[in-house]
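Quick notes on the structure that follows.
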Amino acid sequence: MPDLGFAVRALRSRNYRLYFAGQGISVIGTWMTRVATSWLVYRLTGSAAALGVISFAGQAPAFFLGPIAGVWIDRWDRHRALVVTQTLSMLQSLALAGLALAKIITVWEILVLALAQGMINAFDMPARQAFVVEMVERREDLGNAIALNSSMVNAARLIGPSIAGVLIAGVGEGYCFLIDGISYIAVIFSLLAMRIAATQVRKAARRVSAELNEGWRYVAESAPIRSILLNLALVSLFGVPYTVLMPIFASVVLGGGAHTLGFLMSAVGVGALLGAITLAMRKSVLGLGRRIIYTTALFGAALVGFSLSRALWLSILLLPFAGFGMMQQMASSNTILQTIVDDEKRGRVMAFYSMAFQGMAPFGSLVAGALAAKIGAPRTVMVSGICCLAGSAWFASQLPRIREIVRPIYMKLGILPQIALGVQHATTLSEPPET
């Protein structure tokens, strides 16, 4: 029997427990808004290119503002920063709801509000990623907390689109936005209820440009960080944008409606949730490098299979593999980075992580939308899958060098000796660790 208590050990930390509960409610609303927005844009325009443009507007700020945001997150109180960003996100969702419920919303207003949310997320995402280590009382629970975060997000991905599909078909997209706006109250309350020790906020001793350059050199000169971020950026650029084309698959390729879109998105969520639970059961960061290779390849293969499917039942069977591969690749990358990065540069590194994971996706969305208008959504997704397979092969070629550099870091943190002595068939100290 698996030890369920071990699988949720990060919840022993009171602050993380509060965050997990509040964020768990809020992200259900977030997924409802994602589905409702894509359906609303496609209903208003009937254009694959418009879907790509809106997605670009919502995610591009993470790319352009991410590095600067990382510098400020390393300077600011991360807890206060999150209260501000979550409050602004709530106001954005309520504005979207008001326009949609009044039936005066246009694609241009969606574009502006998506851009506003993207600017908020450029600061919110690195702040959340960097704040995790402050919420978890035991450093050894950090990997579990990251896996539980992914479980929470992907459980919401399972629930949110299903609810959105019913609401869109019954009463329209506006109520999805309204529920999302209200759901932010939960996470804001959880943040305010935390007991946060007074932290020494780092003063701006140097110019932003100098600290930005320092963060860039730190990332560029570290083979493990550089390789992980490049692989993540490739998957985000070519693979993740398949979700932007989901309304086309639901309505045109599979001949369905809003309910079909909800089923497809929920199928992705099932696989992602299973992937997150599997990671939560892991006892160590060791082996995650090899897992990145396998799961990137699995994601690419699932996309190729999905692109060839013309039956709803087959698509629903294939998409969980895509969700599983994408989530495990992303969370494994996050866990390794959070483990090896220097604390004083954590905000900047996680900003580059946000650039790779979230910031590259909008460029892929633009390309996917334009390409789908030329060659069709199925062929576009097939190309995406092939690119992910190529990324998996490239990362495999980098893994030996990554292991060589990460090994002394794991030994310094006590990770490698503990595993080497505690598991009979684990990697010995004379062998390179399974990064």
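Taken together, the values in this text are just the output of simple stated rules run on the coordinates, not laboratory data. Just so it is clear, the model here is predicted, and its values are computed rather than measured. FYI the Cβ positions are ideal-geometry reconstructions off the backbone, even for glycines, and counts take in every protein chain you see.
Give me the extension gain from LYS374 to ARG290: residue separation times 0.36 nm, minus the current Cα-Cα distance, reported in nm with one decimal. Don't jump to the answer; show the numbers that get you there.
Details: separation 84, 0.36 × 84 = 30.24 nm, distance 3.65 nm.
Full extension of this stretch gives 26.6 nm more.
Protection proxy ranking of 223-235, 383-395, 107-119, by the mean of other Cβ atoms within 10 Å over each peptide's residues and highest first, is 223-235, 383-395, 107-119.
Spin-label model, ARG226 to ARG310: label points 7 Å out along the Cα-to-beta-carbon direction sit 4.7 nm apart. Computed from backbone phi, the HN-Hα couplings of the range 351-361 come to 5, 5, 4, 4, 4, 5, 7, 9, x, 7, 4 Hz, rounded to whole numbers (Karplus: 6.51 cos²θ - 1.76 cosθ + 1.60, θ = phi - 60°; Gly and Pro given as x).
The stretch between GLU404 and VAL83 holds 111.5 nm of extra length on full extension. This uses 0.36 nm per residue minus the Cα-Cα distance. With each label modelled as a point 7 angstrom along the Cα→C-beta vector, the LEU44-ARG217 pair spans 4.7 nm. For the range 351-404, what D do you get in µm² per second when you plug the Kirkwood radius from alpha-carbon pairs into Stokes-Einstein at 25 °C and 0.890 mPa s? Approximately 190 µm²/s, per Stokes-Einstein.
Give me the percent relative contact order of the chain, please, defined on Cα pairs under 8 angstrom at least 6 residues apart.
27 percent
Each residue of the range 229-241 is assigned a 3J(HN,Hα), and the resulting list reads 5, 5, 5, 5, 5, 5, 5, 5, 6, 9, x, 4, x Hz, derived from the Karplus form 6.51 cos²θ - 1.76 cosθ + 1.60 (θ = phi - 60°), x at Gly and Pro.
Computed from Cα positions, the angle between helix 258-280 and the longest principal axis of the chain comes to roughly 10 degrees.
Binning all Cα-Cα separations of the chain at 20 Å, short to long from zero, yields these whole-percent fractions: 26, 60, 13, 0. Rounded, prolate or oblate: which one fits the range 43-127, using the alpha carbon gyration tensor with axes a ≥ b ≥ c (rounded when a/c is under 1.5, else prolate when a/b beats b/c, else oblate)? Note, shape of the range 43-127 comes out oblate.
Consider all pairwise Cα distances in the range 1-157 and report the whole-number % of them above 19 Å. If you can, show how the numbers build up before the last one.
Values: 7372 of 12246 pairs.
I get 60 percent for the Cα pairs in the range 1-157 exceeding 19 Å.
Put simply, the amide H of LYS283, placed in the peptide plane, has no neighbours under 5 Å, leaving out anything fewer than 5 places away on its chain.
Ordering of 169-175, 88-94 by packing is 88-94, 169-175, highest average first (other Cβ atoms within 10 Å, averaged per residue).
Largest first and in whole Å, give the semi-axes of the range 167-277's equivalent ellipsoid, each being the square root of 5 times a Cα gyration tensor eigenvalue. Don't skip to the answer; put the middle values down first.
Working: eigenvalues 289, 130, 40 Å².
Ellipsoid semi-axes (Å, largest first): 38, 26, 14.
Using the eigenvalues of the Cα gyration tensor, what equivalent ellipsoid semi-axes result for the range 201-264 when each is taken as the square root of five times the eigenvalue, whole Å, largest first?
Details: eigenvalues 361, 50, 14 Å².
So the equivalent ellipsoid measures 42, 16, 8 Å along its semi-axes.
Across the range 404-409, rounded Karplus estimates of 3J(HN,Hα) from the backbone phi angles (6.51 cos²θ - 1.76 cosθ + 1.60, θ = phi - 60°) give 4, 7, 6, 3, x, 5 Hz, Gly and Pro being marked x. Between ALA210 and MET281, residue separation times 0.36 nm minus the direct Cα-Cα distance comes to 21.5 nm.
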